[in-house]
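The values are calculated or read from the model by the stated rules, or taken from the named source; none is laboratory data. Please read these numbers as outputs of a predicted model, since none were measured by experiment. In this analysis, Cβ positions are derived from the backbone assuming ideal geometry, glycine residues included, and neighbour counts consider all displayed protein chains. For accessibility, only protein heavy atoms count, side chains too; no ligands or nucleic acids. Shrake-Rupley method; radii C 1.70, N 1.55, O 1.52, S 1.80 Å.
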Protein chains: 2
Amino acid sequence: MIRTIADIAKIAGVAKSTVSRYLNGGSVGEATKKKIEKAIQDTGYTPNPFAQSLKAKKTNIIGTIVPRLDSYASSQTLIGIDEQLKEWNYQMLISNTSQDLDREIESIYSLAKQKMAGIILLATVITDRHLKAISEIHIPVLLIGQEHEEIHSVIHDDYHAGLAIGKYVLEKGHRKIAFLGVTEQDIAVGVKRKTGFQKALEARDDIDVSYFETEFNIPAAQAAAMKLLDSREHSIIVCATDNIAIGVLKAAYKQGLSIPRDVSVTGFGGYDVTEAIHPGITTAKFHYKEAGKKAAINMVELIQERPVEKLTTMNFEIIKRESVDTV
Amino acid sequence: MIRTIADIAKIAGVAKSTVSRYLNGGSVGEATKKKIEKAIQDTGYTPNPFAQSLKAKKTNIIGTIVPRLDSYASSQTLIGIDEQLKEWNYQMLISNTSQDLDREIESIYSLAKQKMAGIILLATVITDRHLKAISEIHIPVLLIGQEHEEIHSVIHDDYHAGLAIGKYVLEKGHRKIAFLGVTEQDIAVGVKRKTGFQKALEARDDIDVSYFETEFNIPAAQAAAMKLLDSREHSIIVCATDNIAIGVLKAAYKQGLSIPRDVSVTGFGGYDVTEAIHPGITTAKFHYKEAGKKAAINMVELIQERPVEKLTTMNFEIIKRESVDTV
DNA sequence: CTGAAAGCGCTTACAG
DNA sequence: CTGAAAGCGCTTACAG
């Protein structure tokens, strides 16, 4: 038994427009208000969102584009966005692209067509096609995880996290270091973590550091680590993500090496699993959930056309665990 | 520059209703079709989904209610649903309840109000309030993870997984066994895994088995395991989930116990992490992504009012890893 | 095959 | 403070 605003108006004995005004917080007399309230109570009426959106030409839904659902960073970020949005009576719609850049572009257009109030993009790379799409849709877009001068962004402090990890590694006495990174196409993970790390070492001339590249997934990292560990040249392997660190742990185990006795390992991310396993992994922990919240807050401000800082840089912390030994 | 169906009609020189018919696959003459196609091409027109939904009174969106976003089972299941739905031009909308049962009920109503074509519920418990809500909304609802005689369900074979784990544990020679389970309110995890396990042991009178209960999260499991391990009475701890097994691993490590030398451990679930860590955890692996796909398939059949089996039971497999020793 | 008209359930000036 | 009317962009009988 679905009720419309006309039903409520009839039951309450007022005009539809008065009910609408009541619903939208306009000025309504006390007596009328009471009658409408009662009618709504009695019927369990709720407005049809399609009719509302059709007329108002916008929704209170924020579209979120995520490259994957099965990553700690993604899910924490989504949770943060969702929690904040709920509080402000916005809804989140998730569009999963399965790490397919074409789908990412498509999603931008299709969310816009669906009249999202705004789009939050959990970004990995920003191409010209992204910029073109974003400029064409005329709704607010916000990036998380990567920055771009033209787009509002919430990022993690990858550079300083890299710097801090570098300092910590030196402090623990390591001199023969391997850095296991990822593609430089990913500015945040591939470039900034590395350059921060390099910065920490740059004043020193007693350091022997080599840079390697692998992929984000554990098996690839494990394969890369197998070779690295073979040489036994390094006292520590600094990994660009926690998943890569886990790959290294697996490789070490396969080779009968003990961590941190035979070789130390660090990660970036602060995934739950780095604490759950043994040895616990020393890592730079990012605050994904908070980043999500901040992105949601900024997005709502953007929608309401209030000023918002172009770039928000979130904090990080170094979590020291068993995976790093003193040399 | 947003176009409406009226614009297209004018440009093509036909009536709005003809354009609408073209759009919805009705019969339109060749010449008219050409003109309309051109007009749509030229303008980049796409129909306003709100107007469509308002009139047609339904969407092609499937609402999915999930208790949490940050679990392996949830994300894999969602990915499966999403992939399948995309293929059939349906969309998935995720509603996260943060394990709040009230929100779960609310979500059922609110998704229905938003005219979802159907609702897939990643269920943990089914209360009377659930049943009431489901019966009131008059759209198809499908359960994943729990079954109910009144509702279409896709479940994992928790009972036989429990049975298989039980048999394997006996096969490995264990006689002093602890089963670390969860609340029996959760039929699938709390009851069925346990009863399957019990079934495996029932014919034997040389087994000494004790049952304990803990929560789903790692810290709680770890605390429960601390006590259990203190006694050193059991040669194996059979855990109702992989996360609980991880809690046991942590507790064992804290007590300086080695797994599987001092005590063996098994889990249920087959989360990626059980393979990523050392020792790898022996577990009953469920196929979450496939369950999601199957649920999506069944849901679409339900929407199209085609016959669908009430209950689908997915497969599982026992993955043997280092965490179990032969006694 | 095609078009005119009514209507989906709201919101929003406008008038009173 | 309140109401009548128009309109948002579609779809759907109905007629031709």
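General remarks:
- Averaging 1/r across all pairs of distinct Cα atoms in region A:82-157 and inverting the result yields a Kirkwood radius of 13.0 Å.
- Across region A:5-47, Cα pairs under 8 Å and at least six residues apart give a relative contact order of 40 percent.
- Residue-wise HN-Hα couplings along region B:70-82, as the Karplus relation 6.51 cos²θ - 1.76 cosθ + 1.60 with θ = phi - 60° gives them from phi, are 9, 9, 4, 4, 4, 5, 5, 4, 4, 4, x, 4, 4 Hz; Gly and Pro carry x.
- List of region A:113-132 residues, accessible area with partners at least 30 Å² below that of the chain alone (1.4 Å probe): A:K113, A:Q114, A:K115
- Distance (nanometres) between label positions extended 7 Å along Cα→Cβ at B:E136 and B:S98: 2.3 nm
- At 7 Å out from Cα toward Cβ: B:Q255 inter-copy label distances (nm, ascending): 3.4
- Estimated FRET transfer efficiency (A:E150, A:E213; beta-carbon r; R0 22 Å; 0.05): 0.20
- Electrostatic bookkeeping for B:K115 treats Lys and Arg as +1 and Asp and Glu as -1; over the other residues with beta carbon under 12 Å from its beta carbon, the sum is +4.
- Mean residue ellipticity (222 nm) of the protein assembly as shown, computed from DSSP H runs ≥ 4 via -39,500 (n - 2.57), nearest 500: -13500 deg cm²/dmol
- Per residue convex hull volume, Cα atoms of region B:5-47, in Å³: 57 Å³
- In the distance distribution for region A:158-286, Cα-Cα pairs more than 23 Å apart total 21 percent.
- Chains B and A together bury roughly 3500 Å² of accessible area, counting both sides, with a 1.4 Å probe on protein heavy atoms only.
- Each Cα pair under 8 Å and six or more residues apart adds its separation to the average, and for region A:170-284 the resulting relative contact order is 26 percent.
- With a Förster radius of 56 Å applied to the C-beta separation of A:R175 and A:E309, the computed FRET efficiency comes to 0.85.
- Mean-position separation - Cα centroids, region A:184-200 and region B:95-155, in angstrom: 45 Å
- Carbon/sulfur fraction of accessible area - chain B, other protein chains in place, 1.4 Å, %: 49 percent
- Counting every pair of alpha carbons in region B:128-174, the share spaced more than 16 Å apart comes to 55 percent.
- From the alpha carbon centroid of region A:201-273 to that of region A:1-57 is 62 Å.
- Label point distance in nm, A:I2-B:I318, each placed 7 Å from Cα along Cα→Cβ: 5.1 nm
- Kirkwood radius and radius of gyration were both taken over the C-alpha atoms of chain A, and their ratio Rg/Rh is 1.14.
- Over all other residues within a Cβ to Cβ distance under 15 Å of B:E30, the charged ones net out to +4, with Lys and Arg as +1 and Asp and Glu as -1.
- The residues packed around B:E104, meaning those with a beta-carbon under 12 Å from its beta-carbon, carry a net charge of 0 if Lys and Arg are +1 and Asp and Glu are -1.
- Dimensions of region B:283-327 along the principal axes, based on C-alpha atoms and rounded to the nearest Å, stand at 54, 16, 7, largest first.
- For the protein assembly as shown, accessible area per residue (1.4 Å probe, heavy atoms of protein chains only), Å²: 45 Å²
- Top of A:D82, A:D262, A:D206 by mean-square fluctuation, Gaussian network on chain A, Cα under 10 Å: A:D206
- At 0.890 mPa s and 25 °C, Stokes diffusion of region B:29-110 via Kirkwood alpha-carbon radius, µm² per second: 156 µm²/s
- Label point of B:V125 set 7 angstrom out along Cα-Cβ; within region B:50-81, amide nitrogens under 16 Å from it belong to B:67-68.
- Label-point separation in nm, A:K38 to A:A220, each point 7 Å along Cα→Cβ: 6.7 nm
- Semi-axes of the equivalent ellipsoid for the protein assembly as shown, Cα gyration tensor, largest first, Å: 47, 34, 22
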